[in-house]
Amino acid sequence: MIDLALLRSDPERVRESQRMRGDDEAVVDRVLATDARRRAALTEFEQARAEQKSLGRDVAQAQGDEKAALLVRSKELAQRVKALQADADAADAEARELLMSIGNLAEPGVPAGGADDFAVLRTEGTPRDFAAEGVPVRDHLELGEGLKAIDMERGAKVSGARFYYLTGVGAQLELAILNAAMGVATAQGFLPMITPTLVRPETMRGTGFLGNHSDEVYYLEKDELYLTGTSEVALAGYHTDEILDLSGGPLRYAGWSACYRREAGSAGRDTRGIIRVHQFHKVEMFSYVRSEDAAAEHERFLAIQESMLQALELPYRVIDTAAGDLGTSAARKLDCEGWLPSQERWMELTSASNCTTFQARRLAIRERGEDGTRAVATVNGTIGTTRWIVALLENHQQADGSVYVPPMLRPYLGGVETLTPVL
RNA sequence: GGAGAGUUGACCGAGCGGCCGAAGGUGACAGUCUUGAAAACUGUUGAGGCGUAACCCGCCUCCGCGGGUUCGAAUCCCGCACUCUCCGCCA
């Protein structure tokens, strides 16, 4: 939720952001109009209510005829108060709903436009020249099957499309990635957390995942619970309705969780292998930080992500996502995309979003300031996920179908330097 | 799944249908005293909103959440969530 006070004082700033995102800018004026109506109704209600309260005190003290007369008056007033309250509540709900429909303000510098309008900030590492090496490029699934690491067929038999089993070294490889990620995060001062993956509607809504992309989310109707697509949801919800003490620096958490995504809008995309699946695991960094420090925290996340990808010896590029491709909550999103040799394209491996005060405002997460409280900022970012298996297998494949293991992961794989196909 | 008890401010804990945003205590902060500290004493100490752009000030809302009864609800009624205890079931 954006700051209503800001929308009132600088509506053009909000319109500008809406344009950058490709969203409706007329909503800004609707918010202004509805808010004016809300305030008028509220004032009227409050005046009537004040009168009712003072009359009520008179009733309590009056006796006999005087009391009877006062009761008549206050009964009339009670009707009026009720009606005015209903008006005020309705106007408030309407204003709030409109305000909630506005995505976070894109940060200055974020490219305008949609999914294809991202800016490439830099490229690190060089994709291998497989032809020059004389290595025939196999895709991750072919490699994974050769290693007996990935079983899509049985995944489909048991659960359907986009489900899979990780078997043997595949399972070990995922655990290696996640454990390495957890280790790095912990060393960087993040508190390790294993989080719930089923959350209540308020939490899902508060984190901004029930907006445009609500089709992406699994919902358990019988229990009124949502399956989360990232531990960001549980980590953001963790401090709902709390006033935090950030005087000692940001609160940093590293959440480990299974992630569930319906992939409703991606029919036909990435159907082969485990690039785009309904269920996977992820370690996510999440910080609660003072508003003025959020951009620096965002950079910090990116640096940690890059250090992971470098340790895994994966070529990648960093992109600044365009405004129209930001999630509802994000003001800026920086992704690291790893090279995918089999398709000769880049594929998202990490994503880091600065949500500024947007999420915290919805979830009522504040800190104590000089006078009063103010919303904190939240920042989130990937530090390891199942999909990295794809990049590792493909980028580190050898001519014989074996796969080189970067030193960082070896301690988690019994020290092996190479994964060898099972014949 | 069944039965019961509970949910009040940073924390503990009172609370009669009518000056109750809420006694008392703890903690925190400030002051007095002290060389300093402790103790003692005194004072301050919740959030959101409207009037209003801001101050002062005034007013409204918030006693788990949502409804209802009433001129008036922390207090009475209903529903929901959560916590605890006992029983049952599963592991």
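The values are calculated or read from the model by the stated rules, or taken from the named source; none is laboratory data. Since this is a predicted model, take the numbers as computed values, not measurements. Every residue, glycine as well, gets a Cβ built from its backbone with ideal geometry; the counts of neighbours run over all protein chains shown.
Just a few scattered comments:
- Residue within segment A:96-106 that is surrounded by fewer than 16 Cβ atoms within 10 Å (Cβ to Cβ) and over 24 Å from A:Gly208 (Cβ atoms) present: no
- Cross-chain or 6+ apart pairs with Cβ under 7 Å, segment A:321-338 first and in the same structural domain as A:Trp388 (by TED's automatic domain parsing) and buried (at least 24 other Cβ atoms within 10 Å of the Cβ), then modelled with pLDDT under 90 and not in a strand (DSSP E or B): A:Ser329/A:Thr207; A:Ser329/A:Gly208
- Conditions (1) in contact with a Ser or Thr (Cβ under 7 Å, 6 or more places away or on another chain); (2) under 23 Å from A:Asp116 (Cα atoms); (3) modelled with pLDDT of 95 or more; number of the one not met by A:Asp320: (1)
- Restricting A:Arg13, A:Arg49, A:Arg39, A:Arg30 to residues that are out of contact with any His (no Cβ under 6 Å at 6 or more places or on another chain), within 30 Å of A:Ala352 (Cα to Cα) and not in a loop (DSSP other than H, G, I, E, B) narrows the list to A:Arg13.
- Residue count for segment A:135-178, restricted to those that are over 26 Å from A:Ile319 (Cα atoms), part of a helix (DSSP H, G or I) and of a type outside the set (Lys, Arg): 19
- Unmet criterion (only one of (1) within 9 Å of RNA strand B (Cβ to nearest atom); (2) at positive phi) for A:Arg49: (2)
- Number of positions in segment A:4-40 that are within 13 Å of RNA strand B (Cβ to nearest atom) and buried (at least 18 other Cβ atoms within 10 Å of the Cβ): 5
- Scanning segment A:212-242 for residues that are part of a loop (DSSP other than H, G, I, E, B), touching a helix residue (DSSP H, G or I) at 6+ places or on another chain (Cβ under 8 Å) and over 28 Å from A:Ala181 (Cα atoms) yields A:Glu224, A:Asp241.
- Every condition in (1) touching a helix residue (DSSP H, G or I) at 6+ places or on another chain (Cβ under 9 Å); (2) assigned to a helix (DSSP H, G or I); (3) over 30 Å from A:Arg361 (Cβ atoms) is met by A:Ala90 except one, and the failing one is (3).
- Within segment A:342-369, if we keep just the residues that are crowded, with 22+ Cβ neighbours inside 10 Å and closer than 24 Å to A:Gly273 by Cβ, the residue that is nearest to RNA strand B (Cβ to nearest atom) turns out to be A:Ser351.
- Answer residue from segment A:94-134, given it is among the charged types (D, E, K, R) and assigned to a loop (DSSP other than H, G, I, E, B) and is nearest to A:Asp24 (Cα to Cα) among those: A:Glu107
- Condition check for A:Ser101: more than 10 Å from RNA strand B (Cβ to nearest atom), at pLDDT below 90 and polar (S, T, N, Q): yes
- So A:Arg128, is it in contact (Cβ under 8 Å) with a residue 40 or more places away in the chain and in contact with a Pro (Cβ under 8 Å, 6 or more places away or on another chain): yes
- Cross-chain or 6+ apart pairs with Cβ under 8 Å, segment A:395-417 first and in the same structural domain as A:Arg138 (by TED's automatic domain parsing), then assigned to a helix (DSSP H, G or I) and of a type in the set (Val, Ile, Thr): A:Leu409/A:Ile177; A:Leu413/A:Val169
- Residues (within 7 Å of RNA strand B (Cβ to nearest atom), surrounded by 14 or more Cβ atoms within 10 Å (Cβ to Cβ) and not hydrophobic (A, V, I, L, M, F, W, C)) located in segment A:73-88: A:Ser74
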